[in-house]
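As structure tokens, the structure follows; a few thoughts come after it.
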Ligand SMILES: Nc1nc2c(c(=O)[nH]1)N[C@H]1C(S)=C(S)[C@@H](COP(=O)(O)OP(=O)(O)OC[C@H]3O[C@@H](n4cnc5c(=O)[nH]c(N)nc54)[C@H](O)[C@@H]3O)O[C@H]1N2
Ligand SMILES: Nc1nc2c(c(=O)[nH]1)N[C@H]1C(S)=C(S)[C@@H](COP(=O)(O)OP(=O)(O)OC[C@H]3O[C@@H](n4cnc5c(=O)[nH]c(N)nc54)[C@H](O)[C@@H]3O)O[C@H]1N2
Ligand code: SF4
Ligand SMILES: [Mo]
């Protein structure tokens, strides 16, 4: 039989690139990027390795019941019926005895099923729905909401200057590069702010090689410079900005010289960049989901960046930072797929406060999820109320700082069920493990494709390119089937994935039958994408109805209302821990835990490595490829040295998803931003030593 091309999607990351899967005898034999999708025929190296991912040897084949110790990985296969019965009995048992809030529901990075899952949790009767967004994206969203009242995106296409803060699309995406290159040709200026030399920073007009976690100080210094050079929008400030006099007085101390001390930059470079801002006041700032917020001062740093947008009058103007909306299935589609109603129409009443509410009240007020950084503590301490069971889709405990504590909690909880494609370290702690399938094997509703970047408003229904491997199932089907076993009072969820999708489509204006005939290029009628107004169109959903340089929500919670700068580092002794550790930074051929045990990971960087500057290495008598020990106050890991001038002297960069050298295991679980609860993965102190060949 000839190979047949099936249209599907890569969901290894949420870029959701369209894929043409060549299928022969029920097997995917080749993949190519779909030309009609926004990825325009391209895939990244991970997408091209889709077959590696799909056919990974450690795929979970059947539902499993644990027969050994937690973590030991000893399981016996059971039927779906038996697995569902056990889960339903345990979860309903917890609900009867301790209340619905005694169960914590959690999902890892995957987004496509989140709307269904969130509704499922509500129907179960609790608000204890948590996700990996406890360390990704939400802190940036919070900073936006606290300041301007809504999430924003940089409108690079219409900007004169792009402040590319912590920005490296070469590693995290297949998009943006072409369009950015075209904009540069039309005159767009670019300032890259990144502690490392990257493919992107080398193309910028100015690269400020800043010390990680000191971004707020630089932004405040730029603010001061704009004010001193009268490059601010007085009318806009008068009409729409709250707290300007306090801000002006505060930033006054952030002179280029003082800021140079804080950031490790040279004062003349700061001034050169500030001049570019003065000359190009229509600027867009990238805020990112992770690097700027992975610090103890993350929310305030982002607020300091946003302040520049407001005082210069770029906020909510074409070419500035423009209010936008986001939801998971909508994927920036700028069409309302009605997911919010779908989730909230079954919202439970009389629930207990979400996990983390006491420790992270600002998070709790602004985010409709629990703050998962408090999950292990609540399980272990049982306060303010006990958590007896965890039900997870794709939980990767290793992404948490101080993950030893979470593994301990998972070994103490009464019942733990996990659903994953692969038998991960975390799944090995579960009592019941369910096998999920990949995007190639499932039906899926997909809204938009990075719609606001490409101005496409499309929704489509994807049919499986191949049937699910082994006995695996789609998460959406798992949730609907489990809803029946749990006897949830939710007929819609119990009616299945298609019925739920049909309900969500109400606002889009296409029927499910029509949806099945659409393709990636079918434009759908929907809400017009929000266009930048004249600073006012969106309205400011803040307590004062203005852009808040002094946040009244932060003030109410006892935090400093100004976007203040304070050090992001831990309090360890600099004499003992002289180097700065930044744990994160993507590698193009890794995706969190997803390519562990697969071939491509080994191809490009076969061993776990720490990036060190050769100057530091010389002092420490370390050569390329030497075995080293990296120690923080929380412990040590062993890996190899990679000497590179891309990092500055004094800095050590380690990727977070090496299973044999798990950097998150040496980050204290208490090293968090008190406003968002986000881990300070990227600002720690450490010590590096050469060790004998034998790795512990
Ligand atoms: N030190 C440090 N730590 C970090 C970061 C950092 O920069 N530095 N980054 C943080 C950030 S930004 C993020 S987003 C997180 C990453 O978040 P994680 O949640 O760790 O992400 P993954 O490992 O991609 O996915 C979690 C699990 O989901 C499974 N999975 C994949 N697809 C599916 C599916 O369709 N269904 C189901 N049921 N399971 C699936 C995967 O096999 C995996 O086991 O890590 C955070 N941790
Ligand atoms: N290949 C690949 N792509 C991914 C992922 C992956 O694991 N692998 N993960 C996905 C996820 S979940 C996320 S959240 C995104 C994250 O994607 P990005 O936001 O691109 O995150 P990083 O690559 O961690 O950081 C981007 C740049 O910020 C710099 N940086 C680090 N710390 C700081 C800092 O304190 N200040 C400044 N100014 N710059 C800093 C880094 O050196 C890096 O060059 O990527 C997504 N895409
Ligand atoms: S960027 Fe790469 S990993 Fe992400 S969806 Fe596209 S091909 Fe897949
Ligand atoms: Mo992330």
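FYI, it's all coordinate maths here, none of it is from the lab. From a predicted model like this one, the values you see are computed outputs, not experimental measurements. Cβ coordinates were reconstructed from backbone atoms using ideal geometry, including for glycine residues, and neighbour counts include every protein chain displayed.
According to the square roots a ≥ b ≥ c of the eigenvalues of the Cα gyration tensor, what is the shape class of region 568-622, taking rounded for a/c under 1.5, prolate for a/b larger than b/c otherwise, and oblate for the remainder?
It is oblate, given that a/c is not under 1.5 and a/b is not larger than b/c.
Using mean Cβ contacts within 10 Å as the protection proxy, how do 59-66, 184-191 order, highest first?
59-66, 184-191
Counting only C-alpha contacts under 8 Å and six or more residues apart, can you give the relative contact order of region 587-683 as a whole percent?
Averaging sequence separation for qualifying contacts and normalising by length gives 27 percent for region 587-683.
Once you sort the root eigenvalues of the Cα gyration tensor of region 579-696 as a ≥ b ≥ c, which label holds: rounded (a/c under 1.5), prolate (a/b larger than b/c) or oblate (the other case)?
oblate
Take every DSSP beta bridge with both residues inside the chain and express the antiparallel ones as a percent of the total, to the nearest 5.
50
Counting pairs of alpha carbon atoms under 8 Å apart in space and at least six apart in sequence, what relative contact order in percent does the chain give?
That works out to 19 percent.
Separation between the residue 14 and residue 507 pseudo-spin-labels, each 7 Å from Cα along Cα→Cβ, expressed in nm?
1.7
Quick check: the distance between the Cα centres of region 114-179 and region 403-425, to the nearest angstrom?
Using only Cα atoms to place each centre, the spacing works out to 26 Å.
At what distance in angstrom do the alpha carbon centres of region 273-291 and region 584-642 lie from each other?
Centre-to-centre distance over Cα atoms comes out at 32 Å.
Under 8 Å for C-alpha pairs, at least 6 residues apart: give me the relative contact order for region 249-408, rounded to a whole percent.
10
Using the Cα gyration tensor of the chain, with a ≥ b ≥ c the square roots of its eigenvalues, what is the shape: rounded (a/c below 1.5), prolate (a/b larger than b/c) or oblate (neither)?
Rounded is the answer for the chain, as its axis ratio a/c remains below 1.5.
Using 0.36 nm per residue of separation minus the Cα-Cα distance, give me the extension gain between residue 51 and residue 35 in nm, one decimal.
3.8 nm
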